[in-house]
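**Q** Following this message is one structure expressed as structure tokens.
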Amino acid sequence: MAIFICGFMGCGKSTFLKELERNSSKGELIDLDDLIYETYKEDDESLGHLIEREGFAQFRIYEAQLIRILMKRGNDTVVALGGGAMGQISASQFLENNCPLVFLDIDFETCWRRVISDATRRPLVLEGKKSNKKRFEMRRCEYQKSALTLKGVLPSSIEELQRKLLQ
């Protein structure tokens, strides 16, 4: 089944996916936020505008529906989840579906520095640092139930990520 990457907004899931893409000889790499955007956008609106138009509740429904579809993909598929996706599907549901979950464990301050100027793509930034720190702490409990936690140097290919999961 597919491998899923989780972590708070700004932890580097999309960047990690791009690194895997550069160094992997096989596989499909999917950024869930990009997939939702491409599937449900109207004209040239941003992801933030899509969320504003549809509302977070509908965005989360789209997210959960697509995750369930992606869970059926092969072992060479790696999916970067949105930061809030773990609120829709629990870590245990990934395990029940034999889908390894990998947590990119980055501290809140680093995540916040990365996202603070990106409010058009990340509407939750508008809620401020204090609110997002609380959100980070609540979500981290679910992220930590992952099959593998990565800190520091990350695997550079799908094959290397698969080997780490087997260790």
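**Q** Can you find even one residue in segment 69-78 that is hydroxyl-bearing (Ser, Thr, Tyr), under 20 Å from GLN162 (Cβ atoms) and buried (at least 17 other Cβ atoms within 10 Å of the Cβ)?
**A** yes
**Q** Give me the residue from segment 57-76 that is among the polar types (S, T, N, Q) and part of a helix (DSSP H, G or I) and, out of that set, farthest from LYS41 (Cα to Cα).
**A** Taking the candidates together, the pick is GLN65.
**Q** Something else: Take segment 139-157 and flag every residue that is under 16 Å from the mean Cα position of the chain (by Cα), among the hydrophobic types (A, V, I, L, M, F, W, C) and either in a helix (DSSP H, G or I) or exposed (fewer than 14 other Cβ atoms within 10 Å of the Cβ) (or both).
**A** CYS141
**Q** Can you name every residue in segment 90-106 that is surrounded by 13 or more Cβ atoms within 10 Å (Cβ to Cβ), out of contact with any Ser or Thr (no Cβ under 9 Å at 6 or more places or on another chain) and modelled with pLDDT of 80 or more?
**A** Narrowing segment 90-106 to residues surrounded by 13 or more Cβ atoms within 10 Å (Cβ to Cβ): 90-91, 93-95, 97, 99-106.
Among the residues that remain, those that are also out of contact with any Ser or Thr (no Cβ under 9 Å at 6 or more places or on another chain) are: 90, 93, 95, 97, 99, 106.
Listed by number, the residues that qualify are SER90, GLN93, ASN97, CYS99, ILE106.
**Q** Considering segment 130-166 alone, what residues qualify as being basic (Lys, Arg) and closer than 22 Å to GLY84 by Cα?
**A** Result: LYS130, LYS133, LYS134, ARG135, ARG139, ARG140, LYS145, LYS151.
**Q** Kindly establish whether SER117 is hydroxyl-bearing (Ser, Thr, Tyr), modelled with pLDDT of 90 or more, out of contact with any strand residue (DSSP E or B) (no Cβ under 6 Å at 6 or more places or on another chain) and within 27 Å of GLU54 (Cα to Cα).
**A** No.
**Q** Just the residues that are modelled with pLDDT of 90 or more and β-branched (Val, Ile, Thr), please, taken from segment 24-57.
**A** Passing the criteria: ILE30, ILE36, THR39.
**Q** Let me ask something additional. Listed residues LYS134, LYS130; which is modelled with pLDDT of 90 or more, of a type outside the set (A, V, I, L, M, F, W, C), closer than 17 Å to PHE56 by Cβ and assigned to a helix (DSSP H, G or I)?
**A** Going through LYS134, LYS130 in turn, just one is modelled with pLDDT of 90 or more, of a type outside the set (A, V, I, L, M, F, W, C), closer than 17 Å to PHE56 by Cβ and assigned to a helix (DSSP H, G or I): LYS134.
**Q** Could I ask something else about it? Can you name every residue in segment 137-167 that is at pLDDT below 85 and over 28 Å from GLU28 (Cα atoms)?
**A** Result: no residue meets the conditions.
**Q** State all residues of segment 94-127 that are more than 21 Å from TYR37 (Cβ to Cβ), assigned to a loop (DSSP other than H, G, I, E, B) and in contact (Cβ under 8 Å) with a residue 40 or more places away in the chain; if no residue qualifies, say none.
**A** ASN97, ASN98, CYS99, PRO100, ASP105, ILE106
**Q** If you don't mind, there's one more thing I want to ask. Within segment 38-55, can you find the residues that are surrounded by 13 or more Cβ atoms within 10 Å (Cβ to Cβ) and either among the acidic types (Asp, Glu) or within 20 Å of LEU81 (Cβ to Cβ) (or both)?
**A** TYR40, LYS41, GLU45, SER46, LEU47, GLY48, LEU50, ILE51, GLU52, GLU54, listed by residue number.
The values are calculated or read from the model by the stated rules, or taken from the named source; none is laboratory data. No experiment lies behind these values; they were computed from the predicted model shown. Please note: Cβ atoms are built from the backbone with ideal geometry, for glycine as well, and neighbour counts cover all protein chains shown.
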